[in-house]
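Here the structure is laid out as structure tokens; the discussion comes afterwards.
The values are calculated or read from the model by the stated rules, or taken from the named source; none is laboratory data. Nothing here was measured: the structure is a model prediction, and the numbers come from that model. Neighbour counts are summed over all protein chains in view; Cβ atoms, including those assigned to glycine, are modelled from backbone coordinates with ideal geometry. Note: accessible area is taken over every heavy atom of the protein model, side chains too, but ligands, DNA and RNA are not part of it. Shrake-Rupley method; radii C 1.70, N 1.55, O 1.52, S 1.80 Å.
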Amino acid sequence: MKIGVYGGSFNPPHKGHINLAETAAEKLALDKLFIMPVGDTWYKDDRNLVPGVHRIRMCDLAFKNNDKAIVSDWEINRKEINYTVSTIHHLKCEYPDAHIYLITGSDMFLTLENWFKFSELCEMVTFVTAARLEESNEELLKYKTRLESLNAKTEILPIEIMPVNSTEIRQNLSAKKDDENITFEVLEYIKQNGLYGFDENDYIYPLEKFREILEKSVEKERYIHSLNVADSAEYLAKKYGVNTHIARTAGLLHDICKRMNTDKQIDIIKSSRIKWDEVTFTQSKILHGIAAAEYIFDEMGVYNLDIINAVRYHTTGRPAMSLLEMIVYVADVISAERDYHNVDYVRKLAEESLEKTMEYFSEFNLENLFRNKFSINEITVKTYNYYSVF
């Protein structure tokens, strides 16, 4: 098996990265290509670096058309500074018989002999790069000879020259200029999440289009409920100082997967980055929200992480929810058509405190699971423990 490992900050991922990844996958006949964004700890003093959760998601979008690419959050999730040699050891444990190609940009390639445990890396990988500028080819070839004298295995790939500069891209974005060196999806992600100088509150979602999709996706009663939740979410957002358009978007889409087959919901959830305990998969009534979070990202181009999390956790809750997450959760339980015995009390409570409403319902959910002798998933307990102190 041949495995490629392509690391970097990917801040943001651009067409130069995509070009190198595609060339490496083809020219090296790779079976897998791990895209490995570095962890935040490496760049903790760099104010230009956006958090790893965003860089991972942008890489998901940038490399989605490369069937060999696997975007890995392994380095992002490490709490300590991670050295490349640790990443390679990790992959060697997973794929002991694999030939590993360590792919770098040309600037990083020229620093390899200064890397931590360089000699150990030489024993485990083949170093791979390609020229970003026409004039750098000669410099790379010269350094390749230098590395090979140090027992390194190296390859310089023939590639279409793309003089892409990440700093210039960030400068263009901070000036509110679209940049042709990043894909449409990555640019949309940046705008929706307010990165690199953009303001997420400026983004306008196509609510009429979403409403039409929703109407075709769920039964009439669920459609009416979703419109009511959108109304309640917009009202609560105005009351608690959250963007009303964003809240309405999340409220409208929260049940988009309600009618989806349970097995398909589970398949979507299990293929996502968020890992759930096995008990969750036995509770069919809560799966639609978790699946919907992935669905609106993959199929509807909704990339705002606060919206995604509000949709994902509207059935389960979670500790330390954002204001938007609480608003959508609460809007769902107080929507206009709800008529359970104490709904008026809950609506009054929602006017006073979102946290108190979360406390009330997390306790209600836990008692209901006990009463009906259902298995209890981990997030339900954690949500109760967190909000029971309010």
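Straight Cα distances below 20 angstrom link Lys176 to the aspartates and glutamates Glu168, Glu185, Glu188, Asp199, Glu200, Asp202, with same-chain residues fewer than 8 positions distant left out. Using a cut-off of 9 Å between beta-carbons, work out the net charge of the residues near Val38 (Lys and Arg +1, Asp and Glu -1, Val38 not included). Taking every other residue near Val38 into account, the sum is -1.
Whenever you get a sec, compute what percent of the accessible area on the chain sits on carbon and sulfur atoms (1.4 Å probe). Carbon and sulfur: 48 percent of the exposed surface of the chain.
Electrostatic bookkeeping for Met1 treats Lys and Arg as +1 and Asp and Glu as -1; over the other residues with beta carbon under 13 Å from its beta carbon, the sum is +1. Between Val71 and Ile35, the built amide H atoms are under 5 Å apart, and every one of these is 5 or more places off in sequence or on another chain. Accessible area per residue was computed with a 1.4 Å probe on protein heavy atoms; Phe390 scores about 80 Å².
Once you sort the root eigenvalues of the Cα gyration tensor of the chain as a ≥ b ≥ c, which label holds: rounded (a/c under 1.5), prolate (a/b larger than b/c) or oblate (the other case)? Could you put the intermediate results ahead of the total?
On the way: a/c = 2.50, a/b = 2.00, b/c = 1.25.
Cα axes put the chain in the prolate bin.
Report, in listed order, any pair from Lys216/Lys356; Lys209/Lys264; Lys209/Lys356 with a Cα-Cα distance greater than 31 Å. Checking Cα-Cα distances, Lys216/Lys356; Lys209/Lys356 exceed 31 Å. Positive end of the dipole of the stretch 34-142 (Cβ unit charges, origin at the Cα centre): among Asn66, Leu112, His54, the Cα lying farthest that way belongs to His54. In straight-distance terms, cross-link reach from Lys142 covers every one of the lysines whose alpha-carbon lies under 20 Å from its own, apart from those fewer than eight places away in the same chain; here that gives Lys153.
Rounded if a/c is under 1.5, else prolate if a/b is larger than b/c, else oblate: which is the stretch 1-130, with a ≥ b ≥ c the root eigenvalues of its Cα gyration tensor?
Note, shape of the stretch 1-130 comes out rounded.
Compared with the dominant principal axis of the Cα atoms in the chain, helix 207-217 is inclined by about 80°. Entry comment: accessible area of the chain is 49 Å² per residue, from protein heavy atoms only and a probe of 1.4 Å.
How would the stretch 56-182 be classified by its alpha-carbon gyration tensor: rounded, prolate or oblate, with rounded meaning a/c under 1.5 and the a/b versus b/c comparison settling the rest? Could the numbers behind the result be given before it?
On the way: a/c = 1.86, a/b = 1.21, b/c = 1.54.
It comes out oblate by the Cα gyration axes.
Close amide H contacts of Val128 (hydrogens built in the peptide plane, cut-off under 5 Å, sequence separation of 5 or more or a different chain): Leu102, Ile103, Thr104, Glu155.
Give the angle, between 0 and 90 degrees and rounded to the nearest 10, that separates the Cα long axis of helix 244-253 from the longest principal axis of the Cα atoms of the chain. It works out to around 90 degrees. Peptides 184-195, 246-257, ordered by how many other C-beta atoms sit within 10 Å of their residues on average, highest first, read 246-257, 184-195. Estimated purely from DSSP H runs of n ≥ 4, each contributing -39500 (n - 2.57), the mean residue ellipticity at 222 nm for the chain is -16000 deg cm²/dmol once divided by its residues.
Report the local net charge at His99: Lys and Arg +1, Asp and Glu -1, summed over other residues whose C-beta lies under 12 Å from its C-beta.
On the way: positive: Lys2, Lys32, Lys92, Lys153; negative: Asp31, Asp97, Glu155.
Spelling it out: positives minus negatives among the neighbours equals +1.
Only Lys, Arg, Asp and Glu carry charge here, each on its Cβ (+1 for the first two, -1 for the last two); on that basis the stretch 106-151 has a dipole of about 100 debye about its Cα centre. Principal-axis analysis of the Cα atoms of the chain puts helix 136-149 at an angle of about 80° to the longest axis.
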